[in-house]
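Derivation of every value follows stated rules applied to the coordinates shown; laboratory data play no part. Treat the numbers as computed from the prediction; the structure is a model and nothing was measured. Note that we place each Cβ from the backbone using ideal geometry, even for glycine, and neighbour counts take in every protein chain shown.
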Amino acid sequence: MARPPRKRGGDPVAKGVSRLSRLLTRDRDRMSSAYLGDAELREAYRAYFLPVNLAKVHLPLFELSLHPGGLLGRDRLRVLDIGAGPGTAMLGALTFLLGREPVPTLEFTAVDQIAENLRIAEALFRELRDRSNAKASLRTVASRIEDLHGRLSGAFDLIIVSNVLNELFPDAGDRVRRRRELLDGMLRLLLADSGSCVIIEPALRETTRDLLGVRDGMLDAGWHVYSPCLLQEHCPALGNPKDWCHEDRSWDPPEIVREIDARTGLRKDSLKFSYTILRRDRSKLADVHGADAFRVVSEPLISKGKTDVYLCGRGGRRLATRLDKDASAANAPFTELLRGDIVRCEGLGTEEKRYRVTKHTTVTNSCRPGMSSGQEAEDR
């Protein structure tokens with residue numbers, strides 16, 4: 001993938017990255033949904049945030065690829081990138097699908113309100129497609145998401161909405177309802193009966209809790225969650241205003257990201273984000289791992305004499321505890337669990353509102369979702 005110029009003399013790339021990082025975190029109230037219309041921010045995004053956000057797309061696609069129904073195994077895939085910016089999610093999908101055998105014929109559509117973003121997306125797409133000899137095409141549509149009705153026709157096999165929902169109706173008190181209604185209407189028009197919608201959002205507490213609220217509303221509207229959740233119920237994390245559910249995945253950043261980290265003091269040694277995958281049908285990740293499996297939703301919490309991990313599955317979101325004195329060969333994998341793992345626990349005890357891992361509990365790590373390194377994505 002094309003590298004941005006290594007600008008010196010005041011380091012404007014690093015300046016733009018620092019400025020954009022502030023807008024995406026503590027200064028979110030000052031951020032316009034058209035922030036990539038600013039040339040400095042657009043260059044900062046392309047240099048630093050594009051490879052980071054591109055890699056995030058690989059995790060939900062990996063989970064879709066696990067299903068025995070071959071959800072990504074068609075000869076031809078129509079992919080829609082909503083709020084595409086410079087084509088980040090589209091490029092993430094392309095790099096992931098180029099690693100599959102056989103590589104399907106890919107028809108991409110990228111939608112963004114800023115024409116310059118779409119020109120960058122077209123250039124990056126052509127470069128990657130020509131280098132890989134992929135059978136892939138791209139159509140771009142300059143439009144606000146709210147104005148898409150009548151501009152596109154279905155049915156898309158994969159729709160990706162990456163870092164977009166949080167920018168819609170940001171000041172509205174009913175923003176979650178309005179986002180859910182917009183998403184619901186869009187998917188009913190554009191998503192194929194057997195298609196998937198991947199939604200990715202920042203891992204901040206507010207943005208993630210808003211996404212969980214949209215998720216619950218989509219369940220109520222008749223949609224089904226493929227992953228990360230293993231059950232079709234309202235999210236238990238919303239029961240406590242201090243809780244939220246997000247990913248924190250280790251990765252190998254490409255050289256340009258490491259360089260900008262060194263110049264700005266930022267750190268992208270892991271990928272933090274929230275996501276959900278919605279479908280019309282009832283295909284779900286639990287079909288692979290079983291309805292009695294758990295998703296690990298915290299890092300191990302190690303204290304004197306015990307290890308705690310939050311598990312989410314049947315019974316909701318609960319703390320699971322293993323006392324050091326109960327360590328055994330059967331439950332040894334418990335202390336090695338990481339956020340996002342899918343685990344099975346046979347013989348798990350229950351104590352009030354928590355689970356107890358006993359000497360006789362058998363812990364099996366069914367899946368540690370893979371993620372391509374940033375360098376791999378950059379080198380394609």
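Here the extension length gained between T350 and L338 equals 2.2 nm, from 0.36 nm per residue of separation less the Cα-Cα distance. Summary of the geometry: the range 231-246 and the range 86-138, compared by the centres of their Cα atoms, lie 34 Å apart.
Relative to the longest principal axis of the Cα atoms of the chain, the long axis of helix 12-24 makes an angle of roughly 50 degrees.
Think of it as helices only: each DSSP H run of n ≥ 4 in the chain is worth -39500 (n - 2.57), and spread over all residues that comes to -9000 deg cm²/dmol at 222 nm. Distance from the Cα centre of the range 45-76 to that of the range 280-299, in angstrom? Answer, in whole Å: 18. Sites count as exposed loop sites when they are GluC sites (Glu not before Pro), lie in a DSSP loop, and have at most 15 other Cβ atoms within 10 angstrom; the longest stretch of the chain without one is 1-232.
Treating each Cα of the chain as one equal point scatterer and applying the Debye formula with no solvent, the log10 of I(q)/I(0) at q = 0.06 Å⁻¹ comes out as -0.23. Modelling each spin label as a point 7 Å along the Cα-to-Cβ direction, I'd like the S132/D75 distance in nm, to one decimal. Between S132 and D75, the simple spin-label model gives 2.1 nm.
In the range 181-264, one over the average inverse separation of all distinct C-alpha pairs is 15.2 Å, which is the Kirkwood hydrodynamic radius.
Straightening the chain between T364 and A142 buys 75.1 nm, computed as 0.36 nm per residue apart minus the Cα-Cα spacing.
Among beta bridges from DSSP that stay inside the chain, the antiparallel ones total about 60%.
Separation of the range 150-169 from the range 253-276 is 26 Å, based on Cα centroids. Across the range 123-234, Cα-Cα pairs more than 24 Å apart make up 33 percent of the total.
Estimate the FRET efficiency between E299 and S32 by the formula 1/(1 + (r/R0)^6), using the beta-carbon distance for r and 45 Å for R0, to the nearest 0.05. Once the sixth-power term is evaluated, E becomes 0.85.
Hydrodynamic radius of the range 292-367 by the Kirkwood approach over all distinct alpha-carbon pairs: 11.9 Å. Extension gain T25-L238, at 0.36 nm per residue separation less the Cα-Cα distance, in nm? That pair, T25 and L238, stretches by 74.5 nm at full extension. Across the chain, Cα pairs under 8 Å and at least six residues apart give a relative contact order of 16 percent. As a rough footprinting exposure proxy, the listed residues H234, H246 were ranked by other beta carbons within 10 Å of their own, and the order from fewest upward is H234, H246.
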